[in-house]
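To start, the structure under review is shown below, and the notes come after it.
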Amino acid sequence: QVQLVESGGGLVQPGGSLRLSCAASGNIFGAYAMGWYRLPPGKQRELVARITSGGRTKYADSVKGRFTISRDNAKNTVYMQMNSLKPEDTAVYYCNAGQDRSGTYYPYPYWGQGTQVTVSS
């Protein structure tokens, strides 16, 4: 069982930056791949970034070059630095613990409560 708590969301102007954090409970955090998903209003959930237990990263095309996922296994925490934010990045952002197999991310049913990111002038 893994419990996840996201933080760092908020209201930001277009072009601004935010850093999301996701703190995990448990002592096997380092064994999981971790992903950040988002749920925009009226749309489907989207996997925007993931990182393997070994630190390999992959991004959705919509955020590539603007978002950076990282992890600190000593702190049981995964981060996502979001730069050059756009109004279309507005969503509730969730972190997830899962598994990476041959480059495909498979989410386990471990989710945080989400953190709202709103990009608006």
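The values are calculated or read from the model by the stated rules, or taken from the named source; none is laboratory data. Everything quoted here is computed from the prediction, not taken from an experiment. Here Cβ is always computed from backbone atoms with ideal geometry, including for glycine, and neighbour counts include all displayed protein chains. To get the accessible areas, we keep the full protein, side chains included, count just its heavy atoms, and leave off ligands, DNA and RNA. Shrake-Rupley method; radii C 1.70, N 1.55, O 1.52, S 1.80 Å.
A few remarks follow.
- Hits in region 60-80 - residues which are open to solvent by less than 60 Å² (accessible area, probe 1.4 Å) and β-branched (Val, Ile, Thr): Val63, Ile69, Thr77, Val78
- Pairing each residue of region 50-77 that is in a loop (DSSP other than H, G, I, E, B) with any residue that is open to solvent by 70 Å² or more (accessible area, probe 1.4 Å), provided the two are 6+ apart or on different chains, yields C-beta distances under 6 Å for Ser53/Ala31.
- Failed item, numbered, when Gly16 is tested on (1) part of a strand (DSSP E or B); (2) open to solvent by less than 40 Å² (accessible area, probe 1.4 Å): (1)
This table checks each residue for (1) free of Cβ contacts under 8 Å to residues at least 24 places away in the same chain; (2) open to solvent by less than 60 Å² (accessible area, probe 1.4 Å).
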site: Phe29; (1), (2): no, yes
site: Trp36; (1), (2): no, yes
site: Leu39; (1), (2): no, no
site: Gln44; (1), (2): yes, no
site: Met82; (1), (2): no, yes
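- Scan of region 5-32 for residues that are at pLDDT 95 or above and either under 13 Å from Thr90 (Cα atoms) or more than 14 Å from the chain's Cα centre (by Cα) (or both), ordered by number: Gly9, Gly10, Leu11, Val12, Gln13, Pro14, Gly15, Gly16, Ser17, Leu18
- Residues satisfying the stated conditions in region 89-121, i.e. surrounded by fewer than 19 Cβ atoms within 10 Å (Cβ to Cβ), farther than 19 Å from Gln3 by Cα and touching a residue at least 12 places away in the same chain (Cβ under 8 Å): Thr90, Gly103, Thr118, Ser120, Ser121
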